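Okay, so here's the structure we're looking at.
The values are calculated or read from the model by the stated rules, or taken from the named source; none is laboratory data. As the structure is a computational prediction, the values presented were derived from the model and not from experiment. A quick note on method: Cβ atoms are made from the backbone with ideal geometry, for glycine too, and the neighbour counts reach across all protein chains shown. Heavy atoms of the whole protein, side chains included, go into the accessibility calculation; ligands, DNA and RNA do not. Shrake-Rupley method; radii C 1.70, N 1.55, O 1.52, S 1.80 Å.
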Amino acid sequence: MRLTNVAHLRLPFGRLMGYDLQVSAPGAELPVSFDQGRHVGAGTRAGSWMALSFRLTGPHGLADIEEAWRAVVLRHGTLRTAFSPGSAGPRLHEVRIGEGSWREHPIAPGQAVNEALREVLDTACTSYAAPSHRLCVLETADGPTVVVAADHAHVDMWSMLVIARDLLAAMAARRSGQEPFAGDPAPPPFAAHTTALRERPQAPQDVRDRWAQILGDSGDVMPRFPMGLGESDGPQRERVEVRDVLDVDAAAALGAGAAQAGVSTLSIVVAEMTRVTRVLADEPLRAVFPVHSRFEPSWHDSVGWFITNSVIECDDPEPAGAAAAVKEAVHLGSWPLAEVLVPWGGMPEAPGMFAISWLDLRRLPVRLDASGIEAQYVGASILTDGVMLWFVLDDTGLHLRCRYPDTAEARRNVGRWLDRLIAGLRNAARADDARALTVAGTTYRIERARRSDVPAVVALLADDEIGAARESGDIARYEAAFDGVARDPAQFLAVVRDAGGSVVATMQLSIVAGLSRGGATRLQIEGVRVAAGLRGRGLGALMLDWAHDHGRARGATLAQLTTDDQRADALRFYARLGYDATHTGLKKQLRVERTGT
């Protein structure tokens, strides 16, 4: 999923429509969470929102989108709340939804669509607006693009996925003549979570002491970026960098390396951030570290600000040390924060505050076809005097967005910190991706095939009686097929190289999504070939081990393959590796290829 900022948002041109939803006067009062109180208490300001944009396929009228949106708002109590100022701080109330209507937001001559959208959301999605969320639709010839935004007091990034998923589900239900969410109990509202959090035990003394130690080492304020930002004149216009750190293969390789080390991918990233911080600033890594508070599965489908802030400190650039730091940060953030921060009179923010957010979409119980609907997480444009770094790991790879003051000093310092971090992560991924396979003292490397490898791969495919009878010598046809494989992110054509770089083995791996077996993703293995002189030495088994890791890193829960019935040795080989002959494979020729003229 693309992680972007409204200034970088990619939108088609069209009519920008917004849905005006009327709400009642404030009703019953609800509890305000610690973070809501901080956020809303800062007052009405532009850029306090977050949004998700996605494209709808097929024809969808505004009336259908409107009714689906109203069903989503009715489903989530958090979207039917509004803040008002109070003498002791912000007050939160229930509101009832009333009539709604569409209106067009004009796009001025020469104005970019994303700039027009920013103006709409900056006005509609403020902390004290009622409601403080906004549904917008761009009507284009290729179909509508939907943008859902809300003030941060009511949502987090997980919640935006829930809202988009439920909106799509409501529209699908209406198209099939069903009532949206019929028979599906509404998830609990965020106000109930606030109450539950207040009832949790207070933090033990060792947690308070550790908070005090980390904040003390940071100057009795929340951790700050370890190099100068040039922010002495107050908040500055932001500079936002959006970077694709690792593609799907590199991210999977990094994940496989993390698994071998017995840690998470996040721990590997924290280790690299620790290394970079020590090299450039000669300090440990210290940062604000948001953690989610959806402690129970009952909150997974709720909408709200289920994020609380913790702090992380790491001075060990090894994976195990970073993993311990992450574990400690999660523990420090697992207690009611208001009481922990009493000695500082609340959260002691200061210019230069450094925060790191991590979201692994692959592990969330809420899933969207983000690529299919071209979904984008959208942040607002603001003035800032600190550094905020967001990581998102999804089925397309690892992405980051970094916001910092747009000063010459910040550009220089944050820029080189990011450059070193990304270079280090890419190097780590390459080290794991082209993994060494050692057989009888000889080391081979396995990696993604290049176009120049096609003749060698074809030679391996043809290097037995069965292959020789069905492979041809027309390399151009294989090169065209290679181009198709290379464009498909679900395909990995692997080659194994010897010390001299020659291709000595190959296999093709395909990640196959499906609905059967509870929606299981499968790893399909085909075209496994080892050069004749290296067969029987164990190289093939190591290749299959690597293939299994490749599949696991991409969410596969089942590996499957087929081999010709005439390959008796291959059948015994796969059986030794744990493959069961539980199914009968059938093939049918769809087109007879003619050779010659």
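Of everything in the range 79-100 that's open to solvent by 60 Å² or more (accessible area, probe 1.4 Å) and in a strand (DSSP E or B), which residue is farthest from Ala129 (Cα to Cα)?
First pass over the range 79-100, keeping only residues open to solvent by 60 Å² or more (accessible area, probe 1.4 Å): 80, 85, 87-88, 91, 94, 96, 99.
After this cut, where a residue has to be in a strand (DSSP E or B) as well, the list is 91, 94, 99.
Numbers: Arg91: 13, Glu94: 13, Glu99: 17 Å.
Ranking the candidates gives Glu99 first.
Given the criterion open to solvent by 60 Å² or more (accessible area, probe 1.4 Å) and of a type in the set (S, T, N, Q), identify the matching residue among Thr443, Thr384, Thr407, Thr396.
On the way: Thr384 fails: open to solvent by 60 Å² or more (accessible area, probe 1.4 Å); Thr407 fails: open to solvent by 60 Å² or more (accessible area, probe 1.4 Å); Thr396 fails: open to solvent by 60 Å² or more (accessible area, probe 1.4 Å).
After ruling out the rest, the residue left standing is Thr443.
Only one of (1) closer than 20 Å to Gly578 by Cβ; (2) at pLDDT 90 or above; (3) surrounded by 15 or more Cβ atoms within 10 Å (Cβ to Cβ); (4) of a type in the set (A, V, I, L, M) fails for Val512. Which number is that?
Of everything listed in (1) closer than 20 Å to Gly578 by Cβ; (2) at pLDDT 90 or above; (3) surrounded by 15 or more Cβ atoms within 10 Å (Cβ to Cβ); (4) of a type in the set (A, V, I, L, M), Val512 misses just condition (3).
Please specify each residue of the range 471-508 satisfying the condition of being outside any strand (DSSP E or B) and surrounded by 14 or more Cβ atoms within 10 Å (Cβ to Cβ).
Answer for the range 471-508, where residues must be outside any strand (DSSP E or B) and surrounded by 14 or more Cβ atoms within 10 Å (Cβ to Cβ): Glu471, Tyr478, Glu479, Phe482, Val485, Ala486, Pro489, Ala490, Asp498.
I'm told Glu374 meets every condition in (1) in contact (Cβ under 8 Å) with a residue 12 or more places away in the chain; (2) part of a helix (DSSP H, G or I); (3) more than 30 Å from Ala570 (Cα to Cα) except one. Can you identify the failing condition by its number?
Unmet condition: (2).
Scan the range 23-72 for residues that are open to solvent by 50 Å² or more (accessible area, probe 1.4 Å), assigned to a loop (DSSP other than H, G, I, E, B) and not small (Gly, Ala, Ser) and jot them down.
Correct list: Pro26, Thr44, Arg45, Thr57, Pro59.
Looking at Arg567, Arg529, can you tell me which residue is in contact with a Gly (Cβ under 9 Å, 6 or more places away or on another chain) and over 26 Å from Ser264 (Cβ atoms)?
Values: Arg567 fails: in contact with a Gly (Cβ under 9 Å, 6 or more places away or on another chain).
Just one listed residue meets the conditions, Arg529.
Would you tally the residues in the range 462-518 being out of contact with any His (no Cβ under 7 Å at 6 or more places or on another chain), closer than 21 Å to Arg435 by Cα and in contact (Cβ under 8 Å) with a residue 24 or more places away in the chain? Don't jump to the end; show me each part of the working.
Applying the first criterion (out of contact with any His (no Cβ under 7 Å at 6 or more places or on another chain)) to the range 462-518 yields 462-491, 493-508, 510-518.
Filter once more, keeping what is closer than 21 Å to Arg435 by Cα: 486, 489-491, 493-508, 510-511.
If we keep only those that are in contact (Cβ under 8 Å) with a residue 24 or more places away in the chain too, we end up with 486, 489, 493-499, 502-507, 511.
Of the residues in that region, 16 qualify.
Given the criteria outside any strand (DSSP E or B), open to solvent by 30 Å² or more (accessible area, probe 1.4 Å) and not assigned by the TED database to the domain that holds Pro351, does Ala423 qualify? Give the derivation first.
Values: outside any strand (DSSP E or B): yes; open to solvent by 30 Å² or more (accessible area, probe 1.4 Å): yes; not assigned by the TED database to the domain that holds Pro351: no.
No: the conditions fail for Ala423.
Which residue, of Ala431, Ala410, is modelled with pLDDT under 90, in a helix (DSSP H, G or I) and over 15 Å from Arg497 (Cβ atoms)? Full working, then the answer.
Details: Ala410 fails: modelled with pLDDT under 90.
One residue alone meets the criteria, Ala431.
For the range 569-588, which residues satisfy the criterion of being open to solvent by 50 Å² or more (accessible area, probe 1.4 Å), under 19 Å from Val530 (Cα atoms) and not acidic (Asp, Glu)? Steps first, please.
Here is the first cut: in the range 569-588, the ones open to solvent by 50 Å² or more (accessible area, probe 1.4 Å) are 569, 571-572, 575-578, 580-588.
Still in the list and also under 19 Å from Val530 (Cα atoms): 569, 571-572, 575-577.
Scanning the range 569-588 gives Leu571, Arg572, Ala575, Arg576, Leu577.
Output the residue which, of all residues in the range 550-568 that are part of a helix (DSSP H, G or I) and modelled with pLDDT under 85, is most open to solvent (accessible area, probe 1.4 Å). Walk me through how you get there before you give the answer.
Initial filter on the range 550-568 (part of a helix (DSSP H, G or I)): 550-553, 568.
Next, only the ones that are modelled with pLDDT under 85 stay: 553, 568.
Working: Ala553: 27, Ala568: 48 Å².
This residue is Ala568.
Of the residues that sit in the range 522-538 and are more than 35 Å from the chain's Cα centre (by Cα) and among the hydrophobic types (A, V, I, L, M, F, W, C), which one is most open to solvent (accessible area, probe 1.4 Å)? Working first, answer last.
Here is the first cut: in the range 522-538, the residues more than 35 Å from the chain's Cα centre (by Cα) are 529-538.
Still in the running and among the hydrophobic types (A, V, I, L, M, F, W, C): 530-532, 534.
Numbers: Val530: 21, Ala531: 25, Ala532: 59, Leu534: 27 Å².
Per the criteria, the residue is Ala532.
Look at Ala108 and say whether it is outside the structural domain of Asp360 (by the TED database), assigned to a loop (DSSP other than H, G, I, E, B) and modelled with pLDDT under 95. Lay out the reasoning, then the answer.
Working: outside the structural domain of Asp360 (by the TED database): yes; assigned to a loop (DSSP other than H, G, I, E, B): yes; modelled with pLDDT under 95: no.
So Ala108 fails the test.
So is Ala149 open to solvent by less than 20 Å² (accessible area, probe 1.4 Å), at pLDDT 95 or above and under 23 Å from Ala192 (Cβ atoms) or not? Can you show your working first?
Numbers: open to solvent by less than 20 Å² (accessible area, probe 1.4 Å): yes; at pLDDT 95 or above: yes; under 23 Å from Ala192 (Cβ atoms): no.
Considered against the rule, which asks whether it is open to solvent by less than 20 Å² (accessible area, probe 1.4 Å), at pLDDT 95 or above and under 23 Å from Ala192 (Cβ atoms), Ala149 comes out as no.
Mind checking whether some residue in the range 63-71 is aromatic (Phe, Trp, Tyr), outside the structural domain of Leu368 (by the TED database) and either at pLDDT below 95 or more than 13 Å from Ala170 (Cβ to Cβ) (or both)?
Filtering the range 63-71 for residues aromatic (Phe, Trp, Tyr) gives 69.
Within this subset, residues satisfying the condition of being outside the structural domain of Leu368 (by the TED database) are 69.
This time we only want the ones that are either at pLDDT below 95 or more than 13 Å from Ala170 (Cβ to Cβ) (or both), so: none.
There is no residue in the range 63-71 that is aromatic (Phe, Trp, Tyr), outside the structural domain of Leu368 (by the TED database) and either at pLDDT below 95 or more than 13 Å from Ala170 (Cβ to Cβ) (or both).
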